[in-house]
Amino acid sequence: MAYKVNPDVCINCGACESACPVGAISEVNGKRNIDASKCIECGACAATCPVSAISL
C-alpha cells in the first residue's frame, strides 16, 4: 500500500518530492502525486511534509 497525498491539504511546496529516494512523487494539476508503482513505503515524504498531507 503506497503513501497518498491529500490534495485538499497539500500546499504544493515540493518538500516531499525532494525527499523521495525513488522519484515516485511528481506534480499533477498543481498538487503532488505519489506513483504507487514506484513508492517503496519508506515514509520519507510523510516525515518531510510540513502540513501532514501524506499518509498511508
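Identify, please: which residue in the stretch 1-21 is open to solvent by less than 50 Å² (accessible area, probe 1.4 Å) and in a helix (DSSP H, G or I) and is, among those, nearest to residue 54 (Cα to Cα)?
Applying the first criterion (open to solvent by less than 50 Å² (accessible area, probe 1.4 Å)) to the stretch 1-21 yields 2-3, 5, 10, 12, 14-16, 19-20.
So of that shortlist, the ones also in a helix (DSSP H, G or I) come out as 15-16, 19.
On the way: 15: 11, 16: 9, 19: 13 Å.
Of everything passing the filter in the stretch 1-21, 16 is nearest to residue 54 (Cα to Cα).
So, in the stretch 22-40, exactly how many residues are in a loop (DSSP other than H, G, I, E, B), at pLDDT 95 or above and open to solvent by less than 90 Å² (accessible area, probe 1.4 Å)? Walk me through it before giving the result.
Taking the stretch 22-40 as the starting set, the residues that turn out to be in a loop (DSSP other than H, G, I, E, B) are 22-24, 29-30, 35-40.
Restricting the remaining residues to those that are at pLDDT 95 or above gives 22-24, 35-40.
If we keep only those that are open to solvent by less than 90 Å² (accessible area, probe 1.4 Å) too, we end up with 22-24, 35-36, 39.
So the count comes out to 6.
Name every residue in the stretch 16-32 that is in contact with a Lys or Arg (Cβ under 9 Å, 6 or more places away or on another chain) and at negative phi, in order of residue number.
Applying the first criterion (in contact with a Lys or Arg (Cβ under 9 Å, 6 or more places away or on another chain)) to the stretch 16-32 yields 16-17, 20, 22-26.
Of everything in the stretch 16-32, those that are in contact with a Lys or Arg (Cβ under 9 Å, 6 or more places away or on another chain) and at negative phi turn out to be 16, 17, 20, 22, 24, 25, 26.
Could you check the stretch 41-50 and list, in sequence order, the residues that are in a loop (DSSP other than H, G, I, E, B), open to solvent by 50 Å² or more (accessible area, probe 1.4 Å) and closer than 11 Å to residue 15 by Cβ? Steps first, please.
Filtering the stretch 41-50 for residues in a loop (DSSP other than H, G, I, E, B) gives 41-43, 49-50.
Then keep just the ones that are open to solvent by 50 Å² or more (accessible area, probe 1.4 Å); that gives 41-42, 50.
Hit for the stretch 41-50 is 50, nothing else.
Is there any pair with a first residue in the stretch 9-35 that is touching a residue at least 24 places away in the same chain (Cβ under 8 Å) and aliphatic (A, V, I, L, M) and a second that is part of a loop (DSSP other than H, G, I, E, B) and open to solvent by 40 Å² or more (accessible area, probe 1.4 Å) whose Cβ atoms are under 9 Å apart and which are 6 or more apart or on different chains, and what are they?
9/51; 9/52; 11/50; 11/51; 15/50
The values are calculated or read from the model by the stated rules, or taken from the named source; none is laboratory data. Values in this document were obtained by computation on a predicted structure and should not be read as measured data. All Cβ positions, even for glycine, are placed from backbone atoms using ideal geometry, and neighbour counts span all protein chains on display. All accessible areas refer to the heavy atoms of the entire protein, side chains included, with ligands and DNA or RNA removed. Shrake-Rupley method; radii C 1.70, N 1.55, O 1.52, S 1.80 Å.
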